[in-house]
Amino acid sequence: MDVLLTGGTGQVGTELQRLDWPAGITLHAPGRDVLDLADPASVARVASSRPWGAIVSSGAYTAVDKAETEVGPAWLVNAVAPAILARRAAEAGIPIVQVSTDYVFDGTGDGYYGEEEPVRPLNVYGASKEGGEQAVRTANPNHAIVRTAWVVSPHGKNFVRTMLRLAAERDALTVVGDQRGCPTFAGDLAAALRDVTLALMGGRGRSGTYHFVNAGEATWAEFAQAIFAASARRGGPSAAVRAITTAEYPTPAKRPANSRLATGRIAEAFGIGPRPWTEALDDTIAQLV
């Protein structure tokens, strides 16, 4: 049975293709020359190109600051493409698994955000991802929307790799210390997405919105300190970290101050329990240093 994967060159898509899938399941991840998520005709054509058994929609426009001016491309990729994929999946009677983000929340809450909390995105990226959520819910009742946050991995552009690169160039770094969230490692997220997909294909679990992040929390500054400590233990680059405020590091797009996501629902529905982010970080640093 064939499974369509979008975003195959991204962090999560790369990890999904590295995973073991059951015999008889083949993951297809067309490149942009075949599947252009910013082109609705391309999305519709690929979604109808064969009898898929499921669709995993992990592709996204993730340039958060650029999205403030590139509104059209962000909405095409993050909202219109999932809408088309979900509709075609519904017509074929198959599930769709949509990856979403903590940025659908405004981050003003004090605790961990549950799936039922009202969404209030602060920026175009978050709004476009929330639009994709609504499109999937509307188009296909057989769906799982999986929100995540602060995704990193040994490959691609992400916070861990950026910190290690900067530490090789500088002795000290300033990092935002008043935004708090849950670091998430792409390999762990990919495993969760695989398990959710297989469950829905097998008629197990239940449709709905879920959160997956690694266990534990940190500020960006605390995350950076943990990265450098893990790197230093292996003889890799490290730097001193000075925490600064969001106001001291202005960006075109506003970020939520609190990105912590509760993961109890995905554990209850699919038996998926995330490991601590510190443990996942050690595995990632071991691959990089």
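The values are calculated or read from the model by the stated rules, or taken from the named source; none is laboratory data. Please read these numbers as outputs of a predicted model, since none were measured by experiment. Reconstructed Cβ throughout: ideal geometry from the backbone, glycine too, with neighbour counts over all protein chains shown.
Kindly indicate whether any position in the stretch 55-63 is over 17 Å from the mean Cα position of the chain (by Cα) and touching a residue at least 24 places away in the same chain (Cβ under 8 Å). Scanning the stretch 55-63 turns up no residue that is over 17 Å from the mean Cα position of the chain (by Cα) and touching a residue at least 24 places away in the same chain (Cβ under 8 Å).
Within the stretch 151-180, restricting attention to residues that are among the β-branched types (Val, Ile, Thr) and crowded, with 19+ Cβ neighbours inside 10 Å, which residue is nearest to the chain's Cα centre (by Cα)?
Applying the filter and picking the extreme gives VAL151.
Scanning the stretch 232-289 for residues that are more than 30 Å from GLU116 (Cβ to Cβ) and of a type in the set (A, V, I, L, M) gives ALA232, ALA239, ALA240, VAL241, ALA243, ILE244, ALA247, ILE285, ALA286, LEU288, VAL289.
Here's the yes/no breakdown for (1) surrounded by fewer than 20 Cβ atoms within 10 Å (Cβ to Cβ); (2) modelled with pLDDT of 95 or more; (3) of a type in the set (S, T, N, Q); (4) more than 18 Å from VAL151 (Cβ to Cβ):
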position	(1), (2), (3), (4)
ALA192	no, yes, no, no
LEU200	no, yes, no, yes
HIS211	no, yes, no, no
GLY216	yes, yes, no, no
ALA239	no, yes, no, yes
LYS254	yes, yes, no, yes
PRO276	yes, yes, no, no
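Pull up the stretch 1-26, narrow it to residues that are closer than 25 Å to TRP150 by Cα and hydrophobic (A, V, I, L, M, F, W, C), then point me to the one that is surrounded by the fewest Cβ atoms within 10 Å (Cβ to Cβ). Even if it seems obvious, please write down each step before you answer.
Initial filter on the stretch 1-26 (closer than 25 Å to TRP150 by Cα): 4-20.
If we keep only those that are hydrophobic (A, V, I, L, M, F, W, C) too, we end up with 4-5, 12, 16, 19.
Values: LEU4: 25, LEU5: 24, VAL12: 26, LEU16: 26, LEU19: 13.
Top of the filtered list is LEU19.
Evaluation of ARG45 against the conditions (1) under 19 Å from ARG88 (Cα atoms); (2) free of Cβ contacts under 8 Å to residues at least 40 places away in the same chain; (3) not aromatic (Phe, Trp, Tyr); (4) not in a helix (DSSP H, G or I) shows that the sole unmet condition is (4). Selection of the stretch 83-114 for residues being touching an Asp or Glu at 6+ places or on another chain (Cβ under 8 Å) and modelled with pLDDT of 95 or more yields GLN98, SER100, VAL104, PHE105, TYR113. Of the residues in the stretch 237-253, not one is under 27 Å from LYS66 (Cα atoms), free of Cβ contacts under 8 Å to residues at least 60 places away in the same chain and of a type in the set (D, E, K, R). Taken together, the residues in the stretch 1-41 that are more than 20 Å from ALA83 (Cβ to Cβ) and assigned to a strand (DSSP E or B) amount to 4.
What single numbered condition from (1) under 15 Å from HIS143 (Cβ atoms); (2) assigned to a loop (DSSP other than H, G, I, E, B); (3) among the small types (Gly, Ala, Ser) fails to hold for GLY59? Single failed check for GLY59: (1). Against the test of being buried (at least 17 other Cβ atoms within 10 Å of the Cβ) and touching a His at 6+ places or on another chain (Cβ under 8 Å), the options THR184, THR148 yield a single qualifying residue, THR148.
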